[in-house]
Each structure stands twice: as structure tokens, then as C-alpha cells.
Amino acid sequence: MRGNLRFVVAILMAAFAFVTYYCKRSVNEVTGEVQHVSMSADQEIALGLQAAPQMAQQYGGLHPDRQAAARVEEIGQQIVRSTKAGQSPYKFQFHLLADENTINAFALPGGQVFITAGLLKNMTSEGQVAGVLAHEIGHVVGRHSAEQIAKSQLTQGLTGAAAIGMYDPDRPGTMAASAAAAMVGKLLTLRFGREDELEADRLAVEYTPKAGYDPRSMIKVMQVLEQKGGGGGQPEFLSTHPNPGNRIGELEQEITAEFPQGVPSNLKQ
């Protein structure tokens, strides 16, 4: 009897997770993609603004070099003004973080973009900085954070349902099955993260030349990340970020598709 009740509860939980996720559909105004998100653009902006100070503090706060910070902001805003990102509802701000040792850049929902001094000092050209910022802009306009939240809610609901349905306190062996279900949910979430990274790369290839920068600078960024261990030293299958070496091949294909006659020579490296 208890087993049947568990299965009924599990089925109801799974059905609720599916219905909640798939009923929340919207068309991304920038990318044209049909997405499942549970937040409005205003909510994304508010969430990003709320989280920004805490995120900055984790990297030692904002960098004291106002000139360098102003240049990062200027490059970022040039990309926004020149692309569809400027037509989005998001309020972009670009921040240089004080951390000299960590090589990282990230974007919060709503348009708060960060780059560490550790990454910036390894960039050898303005075009490379533009490539990094364009990639992060791609995450924002792609609404990747909002998608991740919705997907996380779905996978949590499904794995919770699976754990309830498979776990029997009278049969300890079923604990392994429920743990396996939780691991599958985690791997699904990681997979979504890798796809988001590749989409952000594609948008960076589209955005950088419109702002006057050579998209091939993105390849040099990946080479720097590869040299500095940007893949995290773990297999790509278990990483939310694709291996930089593998991303180079994807970038080369995107650049060739964007410029079949060759990249214009007047773009800034």
C-alpha cells in the first residue's frame, strides 16, 4: 500500500514539474528562440542588481584603477549600442573586479557583467576584451540564467519524484537507484550549461564585428584560457564550460559561416 502511494505521489510530482515548465513559454525578442522561463525581464534586472555587490565582494570588490574600469565599460557599451543587445530591455553595466589571480568573467541576469583583473591582464588586445564582454552579453540576451532557473526547477521536480518513487525504506538497495536519479538530474543541468556557453560564443561572433572588432580575437581568448587551465582540469563531460580547445573549432566554424569571403581587414584585433 505504501509503495503504491509513493508511486502516485511521484507521478503527481513529475506531472506538476512538466506542466509548470512547459506552460511557461516565451519568445526571446533578441534571438527569436522559444524559451521556457519563469521570470520577466524586470525580475531578471532586479535579481542581477541585488546580487551584484555580493558577487563583486567575492572577487575583492571593484578594481581601484578607474581608467581601466572605464575602458572596460566603454568597450562593453560599444558592443551593446552596435547590436540587438541595445534593443533589449536589459540595463548593461560592465565591472572590472580587483582579483588579480582569478581568470574569470561572468554575467548576472539583467545585464551586470564582470571581468576579473586576472583575466584582463592576460588579454593582449582590445579585440580580445571585446570578445569576452560580447560572450557575456550573449548570456544576458540569451536569458540563460532565467532558463537555468526554470530548468533547475524542472530537474529538481523530476529527480525528487524519481527518488520518492524508487526509494523503499524497507529495501536499502533502492537508495542507490534514487541517488543515480539525482546524479542524472545534475548531469542534465551541466549539459544545459555547456549549450549556453556555445550559444554565447555564437552571439559573440555575431556581435564583435558589428562593434568594429575582429571575431577571431575570440580564438586567441580561448588559447589563453587553454594555456591557463581554463578547462578546469576536468573532463569536458563533467564541466559546465566546454573545453577551450573544443570551443576553438566551434568558433572557427561560426566565423567561416559569418564571413564566407573572409573576415574584413578593417576590424580591430
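The values are calculated or read from the model by the stated rules, or taken from the named source; none is laboratory data. Since the model is a prediction, treat every value here as computed from it, not as a measurement. No Cβ is skipped: glycine too gets one built from the backbone with ideal geometry, and neighbour counts run over all protein chains shown. Heads up: the accessible areas ignore ligands, DNA and RNA and are worked out on the full protein's heavy atoms, side chains in. Shrake-Rupley method; radii C 1.70, N 1.55, O 1.52, S 1.80 Å.
So which of Lys91/Lys210; Lys121/Lys228; Lys210/Lys268; Lys84/Lys121 end up more than 18 Å apart by C-alpha? Before the final figure, lay out each step's value.
On the way: Lys91/Lys210 20 Å; Lys121/Lys228 12 Å; Lys210/Lys268 11 Å; Lys84/Lys121 29 Å.
Pairs exceeding 18 Å: Lys91/Lys210; Lys84/Lys121.
Carbon-plus-sulfur fraction of the accessible area of the stretch 25-145, 1.4 Å probe, in percent?
On the way: 2600 of 5370 Å².
Carbon and sulfur: 48 percent of the exposed surface of the stretch 25-145.
What are the trypsin sites (Lys or Arg not before Pro) within the stretch 26-102 that DSSP puts in a loop, where the Cβ has at most 16 other Cβ atoms within 10 Å? Walk me through the numbers before you get to the answer.
Values: sites: Arg66, Arg71, Arg81, Lys84, Lys91; in loops: Lys91.
Sparse-neighbourhood loop trypsin sites (Lys or Arg not before Pro): Lys91.
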